[in-house]
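Chemist: Take this structure, written in structure tokens, and hold onto it; I'll ask about it next.
The values are calculated or read from the model by the stated rules, or taken from the named source; none is laboratory data. Bear in mind the structure is a predicted one, so any value in this text is a computation, not a measurement. Backbone-built Cβ (ideal geometry, glycine too); neighbour counts: all protein chains shown. Areas reflect the complete protein model, heavy atoms only, side chains present, ligands, DNA and RNA absent. Shrake-Rupley method; radii C 1.70, N 1.55, O 1.52, S 1.80 Å.
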Amino acid sequence: MDRRESLRALTLGAAGVASLAAVKESIAQAKAAAPQPAETARERARAGGMPPLKIKDIKVIVTKVNGTSNINCKIYTSEAGLYGIGCGTHAERPTIVAEMIEKYFKPMLIDRNADEIEKIWQELWIAPYWRGNVDANNAMAAIDGALWDILGKRCGVPVYTLLGGKVRTGLRMLGDIQARTPQIMEDQIRKMMEDGYDHFRIYLAGGGGEGGGEGGGRGRQPLSAGGGTIDPRARKEAPTEGPLPGGRGNDVEYIKRLCDAFEYVRNKIGWDIEIGHDVHERPTARGGVMLAKAVEQYRPFFMEDIFAPEDCGWYHVVRQQSSIGIAMGELFVNQNEWLPLVANRDIDIMRMHISAAGGLNLARKVAHVCEFFSVTTAWHGPANVSPVGHAVNLHVDLSINNFGICEGRPFSEQLQELFPGCPEIRKGIRYSNDKPGLGIDIDEKIAAKYPPSGDPGSERGGFDREGAPRRP
Ligand code: MG
């Protein structure tokens, strides 16, 4: 019964047509049928376009493959068989992200329009009041990625088409070199050059190590790196325990080792390749400035995380004293961290970990801001980004003009089985499969083979020579 019928019932009530109880029921039904203001506003905002497609369910899928947790979410819609998947992988704290999605975001989103991507992102950003933290950002990224996937599938185009279309056919990869000795380092570089690589991030004899990927462990120095072929000799021979140089009292030793490695590469292989290193925020602030000046002579294109996000003010100092390529950003979670560095032209390469910052919807804006300040992208992409997250990185980079370099390794057989449609690398270039949406799926039957087993995550960091906590 609608509002008009209810009023009529009221009028006829005097004639004894309806009982008082029936009238009350009619009024209640009329109120229930009346449009709700927020819903009306949302529908009014949909000027044309596609008919509504509703979010009907959200499932969090947590898996653990090769020691690393993957957090993905799957959004089901009102159209049977149409769903999307996103990545919210925070391998160190997977259960918090899963709970954020299931307990807080899911109730907000059921029966919402699946194509209101920007609107939903903005709502999720402010929903907890306190915002810009890595747990909520990853949960948002999982939702956001799935919604972009749905929109692409619905339109029948890859996500990069929705973002403006391909600017390039593929992404040049960053080759990671981890070696115990200079000769092994040289062998690795030459092998990867034969495979098409010409940009390298170098770690020699423990002179800094990438912290991403294998879960880490308190007091243990992770040695995994983000891309390329890992020489088994390097993994076996590299130190796995104890402090590495860098930090208070160790700056000079760290800088010397790094310069020795760069010197060797330039002497043996030459200047036709690009080289870099992940400093991983180890030196003191003054040590970071010394390091930047010392390595400048080797023309590094990519010196990553010389300082921690807490010490970002020092990048301006380095910029005034050295022409090295400055890469920064994998720990950024809000715009107050990255925007001043970009706007002041203090960095060259944006390293943001897309899911930790809030997902694809944010990353596309970050990329465009960076374009206006000649900052290129090198999204964080080691093993603690699920293949779905790597697909997000890929679609953003394919569609922007200021792509720089792509971090990522070939996916393991287990990951390729679990995530059909993993992006492929051929001759040092990563390619999209050009399927609608993100072009990647998650096989839930296979996922059952890789349960998280209640793993709450892992700890990072270590201790210095005096036993004080040391940055990862
Ligand atoms: Mg790094």
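Chemist: Among the listed residues I150, I177, which satisfies the condition of being open to solvent by less than 10 Å² (accessible area, probe 1.4 Å), assigned by TED's automatic domain parsing to the domain that holds G358 and out of contact with any Lys or Arg (no Cβ under 6 Å at 6 or more places or on another chain)?
Modeler: Just a single option satisfies the conditions, and that option is I177.
Chemist: Any chance region 141-155 includes a residue that's free of Cβ contacts under 8 Å to residues at least 60 places away in the same chain and within 17 Å of A357 (Cβ to Cβ)?
Modeler: No, there is no match, as no residue in region 141-155 is free of Cβ contacts under 8 Å to residues at least 60 places away in the same chain and within 17 Å of A357 (Cβ to Cβ).
Chemist: Could you list, in sequence order, all residues of region 54-96 that are farther than 19 Å from H353 by Cβ, of a type in the set (A, V, I, L, M, F, W, C) and at pLDDT 95 or above?
Modeler: Listed by number, the residues that qualify are I55, I58, V60, I61, I75, L82.
Chemist: Continuing with the same structure: Is it fair to say G175 is within 16 Å of the ligand (Cβ to nearest atom) and at pLDDT below 95?
Modeler: Spelling it out, it is not the case that G175 is within 16 Å of the ligand (Cβ to nearest atom) and at pLDDT below 95.
Chemist: Let me ask something additional. Considering only region 248-267, state which residues are in a helix (DSSP H, G or I), in contact with a helix residue (DSSP H, G or I) (Cβ under 9 Å, 6 or more places away or on another chain) and away from the ligand (no atom under 16 Å from the Cβ).
Modeler: The answer is D251, V252, I255, K256, C259, D260, A261, F262, E263, Y264, V265, R266.
Chemist: Still on this structure, please answer the following. Which ones in region 315-345 are open to solvent by 40 Å² or more (accessible area, probe 1.4 Å), within 16 Å of the ligand (Cβ to nearest atom) and not hydrophobic (A, V, I, L, M, F, W, C)?
Modeler: Selection gives E337 alone.
Results for (1) in contact with a strand residue (DSSP E or B) (Cβ under 7 Å, 6 or more places away or on another chain); (2) closer than 30 Å to I75 by Cβ; (3) hydroxyl-bearing (S, T, Y), shown as yes or no for each residue.
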{"residue": "A146", "(1), (2), (3)": "yes, yes, no"}
{"residue": "G152", "(1), (2), (3)": "yes, yes, no"}
{"residue": "Y160", "(1), (2), (3)": "no, yes, yes"}
{"residue": "R168", "(1), (2), (3)": "yes, yes, no"}
{"residue": "Q178", "(1), (2), (3)": "yes, no, no"}
{"residue": "Q188", "(1), (2), (3)": "yes, no, no"}
{"residue": "M192", "(1), (2), (3)": "yes, no, no"}
{"residue": "D198", "(1), (2), (3)": "yes, no, no"}
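Chemist: Follow-up question, since we're still on this one. Show me the helices (runs of 4 or more DSSP H) entirely contained within region 351-420 in which 1 or more residues are in contact with a helix residue (DSSP H, G or I) (Cβ under 8 Å, 6 or more places away or on another chain) and more than 22 Å from C312 (Cβ to Cβ).
Modeler: Helices (runs of 4 or more DSSP H) meeting the threshold: 360-371, 387-398, 413-418.
Chemist: Out of all the residues in region 395-427, which are crowded, with 22+ Cβ neighbours inside 10 Å and over 18 Å from the mean Cα position of the chain (by Cα)?
Modeler: The answer is L418, I425.
Chemist: Being within 16 Å of the ligand (Cβ to nearest atom) and either in contact with a strand residue (DSSP E or B) (Cβ under 9 Å, 6 or more places away or on another chain) or of a type in the set (A, V, I, L, M) (or both) is the filter here, so list the residues in region 352-375 that pass it.
Modeler: The answer is M352, I354, S355, A356, A357.
Chemist: All but one of (1) within 11 Å of the chain's Cα centre (by Cα); (2) open to solvent by less than 20 Å² (accessible area, probe 1.4 Å); (3) within 24 Å of N401 (Cα to Cα) hold for N384; state the number of the condition that does not hold.
Modeler: With (1) within 11 Å of the chain's Cα centre (by Cα); (2) open to solvent by less than 20 Å² (accessible area, probe 1.4 Å); (3) within 24 Å of N401 (Cα to Cα) applied to N384, the lone miss is (3).
Chemist: I've got another one for you. Count, please, the residues in region 91-139 that happen to be in contact with a His (Cβ under 9 Å, 6 or more places away or on another chain) and either open to solvent by 20 Å² or more (accessible area, probe 1.4 Å) or more than 22 Å from Y76 (Cα to Cα) (or both).
Modeler: Number satisfying all stated conditions: 3.
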